[in-house]
Amino acid sequence: MSEQKVVIILGSKSDLSFATSIGSILEEYTVNYEYNIASAHKTPEHLLKILKHYAKSELNIVYITVAGLSDALSGFVAGFTRYPVIACPPDSEKRGWVKVFSSVVTPKGVAVSFVFEPANAALAAVKILALSNPSLYEKIKFFKRLKEEEIFKADSKVKRKKDS
């Protein structure tokens, strides 16, 4: 099995506070990740340098892009790379469906997935990597069981109160 990594590309430094929860989830699953800052509009050559670096690697990669406003970053990355790209813009809640449109409406052959919540973007990346990593798949099953147990405990407490 080749090594795996989630590459998180931020459009600017101000996106880092939003993206830290992505890293936190990836750490729970012990998935390697790295943050980069590059703008499709302001530093396209720098962005290409980053993408070319990963294109040469032997890693299995999932990109998560975190960029506000027009979100050209996600389409730019998807247009260059063979790896999956998950857009998780920091201003989705503020801008609503317009944000979805600016992130995922791309030409045929340039696929970008969209996830509103940073924790879910991380989980989506983990699930993609788990397709070729059985131990990661087992971690997903374990965390899913923990979440189920939380729900069952809460359900039990609510029922007890009702019966009292």
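Filter the range 112-164 for residues that are in contact (Cβ under 8 Å) with a residue 12 or more places away in the chain and either outside any helix (DSSP H, G or I) or of a type in the set (Val, Ile, Thr) (or both) and give the result.
Within the range 112-164, VAL112, SER113, PHE114, VAL115, PHE116, GLU117, VAL126, ILE128, SER132, ASN133, ILE140 meet the criteria.
Of all residues being of a type in the set (D, E, K, R) and in a strand (DSSP E or B) in the range 3-57, which is farthest from SER132 (Cα to Cα)? Just the residue, please.
Checked the range 3-57; the qualifying residue farthest from SER132 (Cα to Cα) is GLU34.
Hey, among the residues in the range 75-103 that are modelled with pLDDT of 95 or more and among the hydroxyl-bearing types (Ser, Thr, Tyr), which one's farthest from the chain's Cα centre (by Cα)?
Within the range 75-103, the match that is farthest from the chain's Cα centre (by Cα) is THR81.
The values are calculated or read from the model by the stated rules, or taken from the named source; none is laboratory data. Fair warning: this is a prediction, and the values are worked out from it, not measured in the lab. All Cβ positions, glycine included, derive from the backbone under ideal geometry; neighbour counts span all protein chains shown.
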